[in-house]
Amino acid sequence: MAEEVKLIPQVTPELKPFFDAARHHQLAVQKCDNCGKLRFPPAPLCLACDSPRSSWVAVSGRGTVFSFTVMHRAYHPAFKAPYTLAVIELDEGVKITSNVVGIEPSRVKCGMAVEVMFDRLSDEVTLPRFRPAAG
Ligand SMILES: [Zn+2]
């Protein structure tokens with residue numbers, strides 16, 4: 001049997017707070033300290049007010065599928081086709097690109113309610129993914 005291949009994201013300094021939170025099973029995004037706008041991925045300046053001051057805040061991890069595509073070909077041995085790449089609009093209004101798991105890709109719909117789950121890939125990296133919301 002083939003050994004499982006994992007593709008582990010690189011933890012850059014900009015994303016370290018995101019991965020630190022994920023290791024503790026919290027989803028975190030950047031928040032502008034000036035105007036309060038949330039953003040992801042992280043950026044050095046607020047896109048709304050240009051402020052360089054920001055913090056990382058925990059969000060609920062609940063949201064809806066804003067958009068998605070189903071990949072029918074695996075371009076890396078770590079991926080098992082078919083799989084779903086999706087833009088999730090969190091309840092707090094910020095969007096995050098991730099996967100929808102725990103459901104056949106053919107059953108994923110825009111607008112469906114999802115919640116975060118945490119996939120531990122290594123000691124350092126736990127990756128947030130989304131599954132259909134309970135209830
Ligand atoms: Zn701002």
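The values are calculated or read from the model by the stated rules, or taken from the named source; none is laboratory data. Everything numeric here is computed off the predicted structure, so don't read it as measured data. Cβ sites come from the backbone with ideal geometry, for glycine too, and all protein chains shown count toward neighbours.
Residues in region 77-117 that are more than 18 Å from residue 4 (Cβ to Cβ), in contact (Cβ under 8 Å) with a residue 60 or more places away in the chain and not charged (D, E, K, R): 90, 94, 96, 116. For residue 68, the requirement of being within 16 Å of the ligand (Cβ to nearest atom) and either closer than 15 Å to residue 129 by Cβ or among the aromatic types (Phe, Trp, Tyr) (or both) is not met. When you scan region 1-20, do you find a residue that is of a type in the set (A, V, I, L, M, F, W, C), more than 20 Å from residue 134 (Cα to Cα), out of contact with any helix residue (DSSP H, G or I) (no Cβ under 7 Å at 6 or more places or on another chain) and part of a helix (DSSP H, G or I), even just one? Scanning region 1-20 turns up at least one residue that is of a type in the set (A, V, I, L, M, F, W, C), more than 20 Å from residue 134 (Cα to Cα), out of contact with any helix residue (DSSP H, G or I) (no Cβ under 7 Å at 6 or more places or on another chain) and part of a helix (DSSP H, G or I). Here residue 45 fulfils each of the conditions (1) farther than 21 Å from residue 128 by Cβ; (2) aliphatic (A, V, I, L, M); (3) away from the ligand (no atom under 13 Å from the Cβ) apart from (3). So, of the residues in region 92-120 that are part of a strand (DSSP E or B) and hydrophobic (A, V, I, L, M, F, W, C), which turns out to be nearest to the chain's Cα centre (by Cα)? The qualifying residue nearest to the chain's Cα centre (by Cα) is 96.
For residue 58, indicate whether it is modelled with pLDDT under 95, more than 16 Å from the ligand (Cβ to nearest atom) and either within 17 Å of residue 96 (Cα to Cα) or among the hydrophobic types (A, V, I, L, M, F, W, C) (or both). When the stated conditions are applied, residue 58 does not pass them.
In region 66-101, the residue that is modelled with the highest pLDDT out of those that are surrounded by fewer than 12 Cβ atoms within 10 Å (Cβ to Cβ) and within 21 Å of residue 121 (Cα to Cα) is 81. Of everything in region 42-70 that is in contact with a helix residue (DSSP H, G or I) (Cβ under 8 Å, 6 or more places away or on another chain) and of a type outside the set (Gly, Ala, Ser), the residue that is nearest to residue 22 (Cα to Cα) is 56. For region 75-95, the criterion of being in contact with a Ser or Thr (Cβ under 9 Å, 6 or more places away or on another chain), within 16 Å of the ligand (Cβ to nearest atom) and at negative phi is met by at least one residue.
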